[in-house]
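Let me begin by presenting the structure, written as structure tokens, before commenting on it.
The values are calculated or read from the model by the stated rules, or taken from the named source; none is laboratory data. All values reported here derive from a predicted model rather than from experimental measurement. Methodologically, a virtual Cβ is constructed for each residue, glycine included, from the backbone with ideal geometry; neighbour enumeration extends over all protein chains shown. Protein only, heavy atoms only, side chains kept; ligands, DNA and RNA dropped before computing areas. Shrake-Rupley method; radii C 1.70, N 1.55, O 1.52, S 1.80 Å.
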Amino acid sequence: MATIPFSGVKDGSIDMSSDAFADEALWRAASKAIDYRRSVDDQPLRPDAGYREMLAAVDRPLPLHGLAPPAVIDELSTIAQPGLNGMTGGRFFGWVAGGSHRLGVAADWLTSAWGQNCGNHHAAPSAAAFEEVAGKWLLDILDLPRASSVGFVTGATAANFVCLAAARHALLAEQGWDVESDGLFGAPDISVLVGDDAHASVFSALGFLGLGSKRVTRLATDDAGRMLIRSFHEAIERCTGPVIVIAQAGQINTGAFDPFLKLAEACSRRGSTWLHVDGAFGLWARASHEHADLAKGVEGANSWATDGHKWLQVPYDSGYAIIRDRASHEAAMSISASYLPTSTEQERNPTALVPELSRRARGFATWAMIRHLGRSGIADMVREHCRLARRMARKLAAEPGISILNDVDLNQVIVRFGSAAPDPRADELTHAVVERLQKNGTCFAGGAKWRGRWVMRLSCISCATTERDVDQSVEAIVDTWRSIAAPSGG
Ligand SMILES: *Cc1c(COP(=O)(O)O)cnc(C)c1O
């Protein structure tokens, strides 16, 4: 049997393409992964090397000769390490990022090892069945209509896209227009209403779908970024044809929720109106009794986008497009060919619910995380993250010169240094604190602009975060602030 010639095989005694070598690559990856995860919190929580340095380190000419699998793993790990960000660390509060729980990673390794192409349920029965059941569990945890269909996508960005594609389909089908076949040229108009503080991904989804990111009516919001119901009523009364309303559960800065009860009631009363909710992380408030009321009435929407790689701690990438009307979901996403099976009531064809054909079997890792935590574990985790966020906010606010700009009802905290008012000097100070904190590396937080002011944003959402991490981080933030507010050290 011919083997691929590898460099270094001179005497013919070592066949580097052998099974033993490939197995050794798997073992080595596991051992390096365990070492990395054990030590991540002992390193500064930021990359040591920036993109340019990393590019210089990686950018070598195309190798002429191959390298044995274990050596490739060694090389990959050695080169990549300096440019890794401590996103799985307990004191990482940047963006809104789950902790890629090790159990989820383990399930994801198996997913890769099994090599299932989740393109359809005949080809990959296990992959499809696990998605089906994990999807049902998700509906139960999030308390959404149990007959909804769930597409397993890369994240909330793709989920927003899928949900809005289903909305576009349903509203135009009602007008006798087949958008998948005939496109949007000449189609009846769809009005789109969206809160002014919606996430950027919603606007890109609208762009992909030909609905236009700027062609929307942006609705006024309150201090926390919640849609003002008066602004919504005024806008929808002016609409004549079909309407998509895009609300959100968990504003990216403040964690605030739109008034779903009133929105859902008005949308269902009007008809020809699709209410979509971007609930990337906020929808998970539904898992905790104490927080479920924040998202009260959200079950009245037509579709929901949420993430697995945020509050559920599934490793990247994992998101869910949840749609009440399965037929619209499938109509918007379907693909057909002679060699592909169709889906029936009894048989879930996973590809009918997502844009891709060949793809990763994402249901395994989601199933594993839910199986591990259980309903009560997920509730406890959400509650604990919200408690830790409040603790951080309370401790930070006790320091002169530090203000918290949001009501910490969920897991997000926005912090301002110098003055809470819109003042350029406080912008500079806030910038300086974020920069120095990141350089120092005890914990990681990013900056953002909120209501015309630079702020530090803290997101308490990682399974690795403990109360001790929170207290250490508060100390690091306060010390950094003091070193900037009184640089003499006096
Ligand atoms: C994170 C987030 C998104 C985007 O999700 P991805 O997983 O990055 O695709 C969309 N909306 C909100 C509210 C988010 O927090």
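From the list 202, 194, which residue is within 13 Å of the ligand (Cβ to nearest atom) and in a strand (DSSP E or B)?
194
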Matching residues, region 369-385, being open to solvent by 10 Å² or more (accessible area, probe 1.4 Å) and under 18 Å from the mean Cα position of the chain (by Cα): 370, 381
Can you name every residue in region 324-366 that is in a loop (DSSP other than H, G, I, E, B) and charged (D, E, K, R)? 324, 325, 345, 347, 348, 356, 359, 360, 362
Could you go through region 413-421 and let me know if any residue there is touching a Leu at 6+ places or on another chain (Cβ under 8 Å), at pLDDT below 95 and assigned to a loop (DSSP other than H, G, I, E, B). yes
Tell me yes or no: at least one residue of region 72-93 is open to solvent by 30 Å² or more (accessible area, probe 1.4 Å), within 26 Å of residue 360 (Cα to Cα) and either among the aromatic types (Phe, Trp, Tyr) or modelled with pLDDT under 95 (or both). no
Against the condition in contact (Cβ under 8 Å) with a residue 24 or more places away in the chain, outside any strand (DSSP E or B) and more than 23 Å from residue 251 (Cβ to Cβ), how does residue 389 come out, does it pass? no
Only one of these is crowded, with 22+ Cβ neighbours inside 10 Å and aliphatic (A, V, I, L, M): 429, 405, 437. Name it. 437
Let me spell it out: the conditions are (1) in a strand (DSSP E or B); (2) farther than 20 Å from residue 46 by Cα, and residue 457 meets all of them except one. Which number is the exception? (2)
Of the residues that make up region 82-96, is at least one away from the ligand (no atom under 16 Å from the Cβ), in contact (Cβ under 8 Å) with a residue 60 or more places away in the chain and charged (D, E, K, R)? yes
If a residue has to be within 17 Å of residue 485 (Cβ to Cβ) and out of contact with any strand residue (DSSP E or B) (no Cβ under 7 Å at 6 or more places or on another chain) to count, how many in region 396-419 make the cut? 5
Out of 404, 335, I need the residue that is of a type outside the set (Gly, Ala, Ser) and modelled with pLDDT under 95. Which one? 335
Cβ pairs under 6 Å, 6+ apart, first in region 181-207 and under 15 Å from residue 220 (Cα atoms), second assigned to a helix (DSSP H, G or I) and open to solvent by less than 20 Å² (accessible area, probe 1.4 Å): 193/235
Would you point out the residue of region 386-402, among those that are open to solvent by 30 Å² or more (accessible area, probe 1.4 Å) and among the aliphatic types (A, V, I, L, M), that is nearest to residue 166 (Cα to Cα)? 397
Inspect region 56-63 for any residue being in contact (Cβ under 8 Å) with a residue 40 or more places away in the chain and either touching a Ser or Thr at 6+ places or on another chain (Cβ under 7 Å) or not in a loop (DSSP other than H, G, I, E, B) (or both) and give the result as yes or no. no
So, in region 91-110, exactly how many residues are assigned to a loop (DSSP other than H, G, I, E, B), farther than 18 Å from residue 392 by Cβ and out of contact with any Asp or Glu (no Cβ under 9 Å at 6 or more places or on another chain)? 1
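In this structure, is residue 36 more than 16 Å from the ligand (Cβ to nearest atom), of a type in the set (Phe, Trp, Tyr), open to solvent by 80 Å² or more (accessible area, probe 1.4 Å) and in contact with a helix residue (DSSP H, G or I) (Cβ under 9 Å, 6 or more places away or on another chain)?
No.
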Could you check residue 400 against (1) more than 23 Å from the chain's Cα centre (by Cα); (2) assigned to a helix (DSSP H, G or I) and say which number it fails? (2)
Looking only at region 117-144, count how many residues are of a type in the set (S, T, N, Q) and touching a Pro at 6+ places or on another chain (Cβ under 7 Å). 1
Flagged pairs (Cβ under 6 angstrom, 6 or more apart or on separate chains; first in region 471-483, closer than 17 Å to residue 416 by Cβ; second assigned to a helix (DSSP H, G or I) and open to solvent by 10 Å² or more (accessible area, probe 1.4 Å)) are 474/395; 480/436
Output the residues belonging to region 186-231 that are under 23 Å from residue 175 (Cβ atoms) and polar (S, T, N, Q). 191, 213, 217
Just the residues that are more than 16 Å from the ligand (Cβ to nearest atom), open to solvent by 10 Å² or more (accessible area, probe 1.4 Å), hydrophobic (A, V, I, L, M, F, W, C) and in a helix (DSSP H, G or I), please, taken from region 147-178. 170, 173
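How many residues does region 311-323 hold that are crowded, with 24+ Cβ neighbours inside 10 Å and either part of a loop (DSSP other than H, G, I, E, B) or of a type outside the set (A, V, I, L, M) (or both)?
Residues of region 311-323 that are crowded, with 24+ Cβ neighbours inside 10 Å, as a first pass: 311-314, 318-323.
Filter again for either part of a loop (DSSP other than H, G, I, E, B) or of a type outside the set (A, V, I, L, M) (or both), leaving 311-314, 318-320.
Total meeting the criteria: 7.
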Between 143, 196, which is touching a Lys or Arg at 6+ places or on another chain (Cβ under 7 Å), at positive phi, surrounded by fewer than 24 Cβ atoms within 10 Å (Cβ to Cβ) and of a type in the set (D, E, K, R)? 143
